[in-house]
Every structure is written in C-alpha cells, then in structure tokens.
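The values are calculated or read from the model by the stated rules, or taken from the named source; none is laboratory data. Predicted model, so just to flag it, every value in this text is computed and none were measured. In this analysis, Cβ positions are derived from the backbone assuming ideal geometry, glycine residues included, and neighbour counts consider all displayed protein chains.
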Amino acid sequence: MTYDIMQSVSNEPASDVQTCPHCGFSWLPLSRAKCATRMSAAVESFVDVIQRAGEQVGTRPSERRWSILEYGGHLRDVILSVRDRIVLASILDVPVGTPIFRNERVDLGFYAQDSASDVAVELQVATYLFLKTVATLPPNYEERGLIYRTRTPLEITIAGAMSNALHECEHHLGDATENLRSLDSPHG
Ligand SMILES: [Zn+2]
C-alpha cells in the first residue's frame, strides 16, 4: 500500500547515496541542524494538509491508498519508532530493532480513534521529541550502528536513521498532498 522504507533502507548502507524512486529523496549526509529544519518544515506542511482536508481527512481516495489521517498516524508512529531505535543505539552496540507492522496497526484498528486534531498535535509532539533526542546526542554518536530488524540484518548508522525519519516525513507529505489533490478533484 505504501512504500516500505524500513525494507528499502535496511538493504543498503546508509552512507551510499540512494534516491527514493517515488519522492526523489536523496540519502546524502545530513547534519543535525539540517535534519531539524527539513523535518519541522515537512511536518508543519503535513499538519497544514490535515487542516485543509477538512471532512475528507479520513477518506481513502482509492482502495490502494491510506487516508491522510492514516498516513499521519503512520508517520507519527514511525517517528517515535526511529527515535526509540536511536536511543537504543546510543546505549547498546548495534541493537536490533523490530518492524512497526504498519499495515497491522491500521488493520487492527489502532488508528480508528485518531481525529484530525489529535494527529496534528501528536505529529508535532513526536517530531519535537525526535529532534530533541537528535540535538542531545553526544558528539559523533551519529556514527553508532544499529540494525533495523532481524529479517534484513544490515547495519546502518544513527545518521542513516535520521535520514530515514526525514525521508518518511517528506515522502508521506507527498502522499498526503497527492490525496488532497485527488479528493479535491475526484474525476481529474
Ligand atoms: Zn520517498
């Protein structure tokens, strides 16, 4: 249903410059400051899309796409999940993460009680927590390693995880914006 970033990134070293075929994001080296600026901007734009969607925020434009609200809930959970991975990797040597089971979260109804105002606030809080964590990392901790999950056991760095989180924000902002466009003009 959506581009599986956890899958993609765990197959490639984070130091290689890859580009997302869907949104054009490049995994170039990313400073903490740049990460903060771009992530804040993407999430603010996402919140703006939530507000502009009005009553259509929970509508799936097609069976193959989530609603803006579901993309927002997914993004919120990804940000929190990557933050936990970064904290763990700061303490342990190359810890192994667990997948977030994105589809299962939706299918089991964990997002069913999400309202537009909830998700808008939660996205901002999750992003703030994430960026506070990144800002607090001791010097050079960006180079510490972690493994996203056991099924694809390839090591990336905390810097790579920061890029992944930023990609999720910018990529799903694209999804939400695309939803908004197709909901505005369902026949065009
Ligand atoms: Zn992308």
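Numbers below:
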{"read-out": "Flag if Thr150 is surrounded by 15 or more Cβ atoms within 10 Å (Cβ to Cβ), β-branched (Val, Ile, Thr) and in contact (Cβ under 8 Å) with a residue 40 or more places away in the chain", "value": "no"}
{"read-out": "Residue count for region 44-82, restricted to those that are among the β-branched types (Val, Ile, Thr) and either in a loop (DSSP other than H, G, I, E, B) or under 10 Å from the mean Cα position of the chain (by Cα) (or both)", "value": "4"}
{"read-out": "Unmet criterion (only one of (1) away from the ligand (no atom under 14 Å from the Cβ); (2) modelled with pLDDT of 95 or more; (3) farther than 13 Å from Leu180 by Cα) for Arg64", "value": "(2)"}
{"read-out": "Qualifying residues in region 21-43 (those that are part of a loop (DSSP other than H, G, I, E, B) and away from the ligand (no atom under 16 Å from the Cβ)) - the one nearest to Thr127 (Cα to Cα)", "value": "Ser31"}
{"read-out": "Test: Ser90 is crowded, with 16+ Cβ neighbours inside 10 Å, under 20 Å from Asn179 (Cα atoms), among the polar types (S, T, N, Q) and in contact (Cβ under 8 Å) with a residue 24 or more places away in the chain", "value": "no"}
{"read-out": "Criterion violated by Thr133 - all others in (1) more than 28 Å from Glu63 (Cβ to Cβ); (2) among the polar types (S, T, N, Q); (3) in contact with a strand residue (DSSP E or B) (Cβ under 9 Å, 6 or more places away or on another chain) satisfied", "value": "(3)"}
{"read-out": "Neighbours by Cβ (under 9 Å, 6+ apart or cross-chain): first from region 23-40, more than 13 Å from Val134 (Cα to Cα); second more than 16 Å from the ligand (Cβ to nearest atom) and at pLDDT below 95", "value": "Trp27/Ser15; Pro29/Ser15"}
{"read-out": "Cross-chain or 6+ apart pairs with Cβ under 7 Å, region 112-135 first and over 19 Å from Ser67 (Cα atoms), then of a type in the set (Lys, Arg) and crowded, with 18+ Cβ neighbours inside 10 Å", "value": "Ala126/Arg76; Leu129/Arg83; Phe130/Arg83; Thr133/Arg83"}
{"read-out": "Enumerated helices (runs of 4 or more DSSP H) restricted to region 83-188, each holding at least 3 residues that are within 16 Å of the ligand (Cβ to nearest atom) and in contact with a helix residue (DSSP H, G or I) (Cβ under 9 Å, 6 or more places away or on another chain)", "value": "158-184"}
{"read-out": "Residue list for region 136-145, restricted to those being out of contact with any strand residue (DSSP E or B) (no Cβ under 9 Å at 6 or more places or on another chain) and in contact (Cβ under 8 Å) with a residue 12 or more places away in the chain", "value": "Leu137, Pro138, Tyr141"}
